[in-house]
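The values are calculated or read from the model by the stated rules, or taken from the named source; none is laboratory data. The shown structure was predicted, so the numbers you read here are calculated from the model rather than taken from an experiment. Cβ atoms come from the backbone with ideal geometry, glycine included; neighbour counts cover every protein chain shown.
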Amino acid sequence: MRYLSTRGHAARPGFCDILLEGLAPDGGLYLPETYPQISDRLAELRQVWATRGYADLAFEILKLYIDDIPEADLLALCRKTYTRAVYGTDAIVPLRPLEEGVFLQALSNGPTLAFKDMAMQLLGNLFEYELGRRGAELNILGATSGDTGSAAEYAMRGKQGVRVFMTSPHGRMSPFQQAQMFSLLDANIHNIAIEGVFDDCQDIVKAVSNDLDFKRRHKIGTVNSINWARLLAQVVYYFAGYFQATTKDTEQVAFTVPSGNFGNVCAGHVARMMGLPIARLVVATNENDVLDEFFRTGMYRVRTGGDTQETSSPSMDISKASNFERFVFDLLGRDAGLTQQLFKDEINAKGFFDLSAHPAFAQAQAKYGFASGKSTHANRLATIRDTSARFGEVVDTHTADGVKVAREHLLPGVPMLVLETALPIKFAATIEEALGHPPARPPGFEGLEAKPRKVLLMAADAALVKAYIAEHTAA
């Protein structure tokens, strides 16, 4: 299996090279040359899920994309990652019925109580394995709007040969999210609070990654979903959700995915391209509705930092969705030249591109199954109250956005799976506003917000971040 850039770079690296590289040298994102097809293997994969569990299902999916790690080693890495000890349940990602035809898929059972753990725990083990094989080191530069940072840091703390430099928007995360990250005092963890919004952090990561000399000299890698390995790990839970919601391989399901950076739902797109019977992929946004606007109108219009609203579902306060480039590349028939024109030239020059008149835009729903919707703070509160009162289920703010939008896109006879993004404790203030009392705090997180912190405040300047990395990676 070889990988190509959405912007047409000539190189065709293997998995382990792009695992450590992140962005392609031309600034594009990596995708496999082809999507392996599993339609005739659904019964076999269902049996793997039923008899051998999530870790072995992950192995069966991942090995289709990874041929430069021996299968025995890859299986061992999957079994090391997806355990009851880490996720608290043998199912790893169990379904919970909510109402007729609607299910929550629990993705927040990992160590940082957010769905990012599903991929990040595997990524940490893959990094350590591959760096060990090469006798190399990696300096991970990331950007987080809330959950990627803590998931990455918990996965990488103590790993041999790995340092983490995580940028986050100053004051834009919940107190719990900030405490999870900033209370880690490990020597290989560096938290950098950026004076700006998440998109400023993401722009810094891309700017550093696009400085190829600096990137190679300082061995820079990424853990954001621009890294294909992270997105690939997320593909697995779409299969696990499908097998739990159906009994026959001819049945279809739908997924609603709270989305800001398009990584989580892009994994669903990949699963669907592989042949998983997904009838509909619903993108749920908050007030920062760049993605909803595109799927309704064909216009992709990036907001400025000043126009990015601060909301009660802060992990989706994103107005420049990195992974969206992967889907548009597929939507345009994998036309790398046009993809580069849109995401590099038109976005930089105009701040938007418009595909409303392009014949491919109609295929976003008809061929690729996408739909979308938007949720506001008032919707969020109402959904949290409703699910608690009617079903005894307290959901976090982002999952509430998903539930609200899912109800607008139900298909008769097709189970709708809403991907849970985090546990409610991470957004306690809004839960208390909705219900009149704070959510339950899981064991082990008592007093988290009062712990000592290690974080550096910095202006939104890639040069300053590069200087800090250089200082802290010097031999």
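If I go through segment 122-166 residue by residue, how many of them are assigned to a helix (DSSP H, G or I), more than 20 Å from A76 (Cα to Cα), touching a residue at least 40 places away in the same chain (Cβ under 8 Å) and touching a strand residue (DSSP E or B) at 6+ places or on another chain (Cβ under 9 Å)?
Total satisfying the criteria: 4.
Of the residues V414, V394, V455, V403, which single one is in contact with a Gly (Cβ under 8 Å, 6 or more places away or on another chain) and either among the aliphatic types (A, V, I, L, M) or under 22 Å from L107 (Cβ atoms) (or both)?
After ruling out the rest, the residue left standing is V414.
Can you say whether D292 is touching a strand residue (DSSP E or B) at 6+ places or on another chain (Cβ under 6 Å), surrounded by fewer than 17 Cβ atoms within 10 Å (Cβ to Cβ) and not aliphatic (A, V, I, L, M), as far as the supplied structure shows?
no
List the number of the failed condition for Y242; all other conditions in (1) under 18 Å from the mean Cα position of the chain (by Cα); (2) in a helix (DSSP H, G or I); (3) closer than 22 Å to V102 by Cβ hold.
Failing condition for Y242: (1).
From D335, D345, D330, D386, which residue is of a type in the set (D, E) and either touching an Asp or Glu at 6+ places or on another chain (Cβ under 7 Å) or in contact (Cβ under 8 Å) with a residue 40 or more places away in the chain (or both)?
Answer to the check: D330.
Tell me yes or no: at least one residue of segment 212-225 is in contact with a Gly (Cβ under 6 Å, 6 or more places away or on another chain) and in a helix (DSSP H, G or I).
Scanning segment 212-225 turns up no residue that is in contact with a Gly (Cβ under 6 Å, 6 or more places away or on another chain) and in a helix (DSSP H, G or I).
Could you say whether any residue in segment 11-21 is part of a helix (DSSP H, G or I), surrounded by fewer than 16 Cβ atoms within 10 Å (Cβ to Cβ) and among the small types (G, A, S)? Give the steps one after another, and end with the answer.
Our first condition is that a residue be part of a helix (DSSP H, G or I); within segment 11-21, this holds for 15-21.
Next, only the ones that are surrounded by fewer than 16 Cβ atoms within 10 Å (Cβ to Cβ) stay: 17.
Filter again for among the small types (G, A, S), leaving none.
No: segment 11-21 contains no residue that is part of a helix (DSSP H, G or I), surrounded by fewer than 16 Cβ atoms within 10 Å (Cβ to Cβ) and among the small types (G, A, S).
So which residues in segment 340-355 are among the charged types (D, E, K, R) and closer than 15 Å to T297 by Cβ, if there are any at all?
Hit for segment 340-355 is D354, nothing else.
List pairs: first residue in segment 416-435 and over 15 Å from K404 (Cα atoms) and in contact (Cβ under 8 Å) with a residue 60 or more places away in the chain, second residue aromatic (F, W, Y) and assigned to a helix (DSSP H, G or I) anywhere in the structure, Cβ distance under 8 angstrom, at least six positions apart or on different chains.
Pairs that qualify, where the first residue is over 15 Å from K404 (Cα atoms) and in contact (Cβ under 8 Å) with a residue 60 or more places away in the chain and the partner is aromatic (F, W, Y) and assigned to a helix (DSSP H, G or I), are I425/F176; K426/F176; F427/F176; A428/F176.
Given the criteria modelled with pLDDT of 95 or more, closer than 27 Å to M273 by Cα, out of contact with any Phe, Trp or Tyr (no Cβ under 6 Å at 6 or more places or on another chain) and of a type in the set (K, R), does R407 qualify?
For R407, the condition - modelled with pLDDT of 95 or more, closer than 27 Å to M273 by Cα, out of contact with any Phe, Trp or Tyr (no Cβ under 6 Å at 6 or more places or on another chain) and of a type in the set (K, R) - is met.
Does T311 satisfy the condition of being polar (S, T, N, Q), touching a Phe, Trp or Tyr at 6+ places or on another chain (Cβ under 6 Å) and within 20 Å of K116 (Cβ to Cβ)?
no
Pairs please, first residue from segment 36-57 and without any contact (Cβ under 8 Å) to a residue 40 or more places away in the chain and hydrophobic (A, V, I, L, M, F, W, C), second anywhere and surrounded by 13 or more Cβ atoms within 10 Å (Cβ to Cβ) and part of a helix (DSSP H, G or I), Cβ atoms under 6 Å, 6+ apart in sequence or on different chains.
V48/D56; V48/L57; V48/E60; A55/C78; A55/R79
Of A378, A389, A371, A382, which residue is over 30 Å from P175 (Cα atoms) and among the hydrophobic types (A, V, I, L, M, F, W, C)? So that I can check it myself, show each step before the final result.
Values: A378 fails: over 30 Å from P175 (Cα atoms); A389 fails: over 30 Å from P175 (Cα atoms); A382 fails: over 30 Å from P175 (Cα atoms).
One residue alone meets the criteria, A371.
Which of the residues belonging to segment 404-415 are farther than 12 Å from N286 by Cα and crowded, with 24+ Cβ neighbours inside 10 Å? Break it down stepwise before answering.
Of the residues in segment 404-415, the ones farther than 12 Å from N286 by Cα are 406-415.
If the condition is that a residue be farther than 12 Å from N286 by Cα and crowded, with 24+ Cβ neighbours inside 10 Å, then A406 is the only one that fits.
Output the number of residues of segment 167-205 satisfying the condition of being in contact (Cβ under 8 Å) with a residue 60 or more places away in the chain, in contact with a strand residue (DSSP E or B) (Cβ under 7 Å, 6 or more places away or on another chain) and in a loop (DSSP other than H, G, I, E, B).
Going through segment 167-205 one residue at a time, the tally reaches 3.
What number of residues in segment 294-332 are modelled with pLDDT of 95 or more and assigned to a helix (DSSP H, G or I)?
The number of residues fulfilling the criteria is 12.
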